[in-house]
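Below is one structure, written out as structure tokens, with a few remarks after it.
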Amino acid sequence: MNDELQVGVITQTHGIRGEVKVFPTTDDAARFKKLKEVILDTGRERLTLKIENVKFFKQFVILKFQGYDSINDIEKYKRARLLVPREQAVKLKKDEYFVADMIGLQIVTDEEEVLGELKDVLATGANDVYVAARPDGTEVLLPAIKDCILDVDMTQRIMRVHIMDGLL
């Protein structure tokens, strides 16, 4: 499991005073109000940035970092990921998991057939959909509902599923 979790991605600058527009990758964008700092990861460098101001605009979060006061200071960080240490992550309820922790789970049917590996989680309006990569290269979409997802064992890294009619 990762020691850090992604909470957003900088999409572009906002204005000329060093603010950035962030696409939140967390279920609760309001959590940015409680964050004091984030780790900016460009892939080449990592910086711990103190959050000076938080605003919301449509589906975006507008952030102002301490010490970054012009568009020129912050423009180079477009498309950078924003991370938080796991201990600052939101508390999960029973049967809730971070997507980053679920990726790679082995998916086994209730008939003990290995279906594949969890490749992605798609957020839809009604429920999430799990993308299972099969050994033959094809994919199966599994709705994250109790009738289909029987058990998730994070210790064993196994997800047990029931294949409902029409899924394959």
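The values are calculated or read from the model by the stated rules, or taken from the named source; none is laboratory data. All figures in this text were calculated on a predicted structure; none of them were measured in a lab. Ideal geometry is used to build each Cβ from the backbone, glycine not excepted, and the neighbour counts take in all protein chains shown.
Which one of these is aliphatic (A, V, I, L, M) and exposed (fewer than 14 other Cβ atoms within 10 Å of the Cβ): LEU92, LEU35?
Going through LEU92, LEU35 in turn, just one is aliphatic (A, V, I, L, M) and exposed (fewer than 14 other Cβ atoms within 10 Å of the Cβ): LEU92.
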| request: Confirm whether LYS55 is within 30 Å of LYS36 (Cβ to Cβ), basic (Lys, Arg), out of contact with any helix residue (DSSP H, G or I) (no Cβ under 9 Å at 6 or more places or on another chain) and not assigned by TED's automatic domain parsing to the domain that holds LEU40. | output: no
| query | Looking at segment 64-74, is at least one residue part of a strand (DSSP E or B) and modelled with pLDDT of 95 or more? | reply | yes
| task | Could you please tell me which pairs satisfy a Cβ distance under 7 Å, a separation of 6+ or placement on different chains, a first residue in segment 20-38 that is without any contact (Cβ under 8 Å) to a residue 60 or more places away in the chain and assigned to a helix (DSSP H, G or I), and a second residue that is of a type in the set (D, E, K, R) and surrounded by 14 or more Cβ atoms within 10 Å (Cβ to Cβ)? | result | none
| field | Scope segment 113-162; condition assigned to a loop (DSSP other than H, G, I, E, B), of a type in the set (Lys, Arg) and surrounded by 11 or more Cβ atoms within 10 Å (Cβ to Cβ); matching residues | value | ARG134, ARG157
| Criterion (under 19 Å from LEU92 (Cα atoms) and at pLDDT 95 or above) met by exactly one of LEU105, LEU118 | LEU105
| message | Checking VAL20 against (1) over 25 Å from LYS91 (Cα atoms); (2) under 18 Å from the mean Cα position of the chain (by Cα); (3) hydrophobic (A, V, I, L, M, F, W, C): exactly one of these is not met. Which one? | response | (2)
| query | Among ASP101, ASP110, which is under 26 Å from ARG160 (Cβ atoms), surrounded by fewer than 14 Cβ atoms within 10 Å (Cβ to Cβ) and in contact (Cβ under 8 Å) with a residue 24 or more places away in the chain? | reply | ASP110
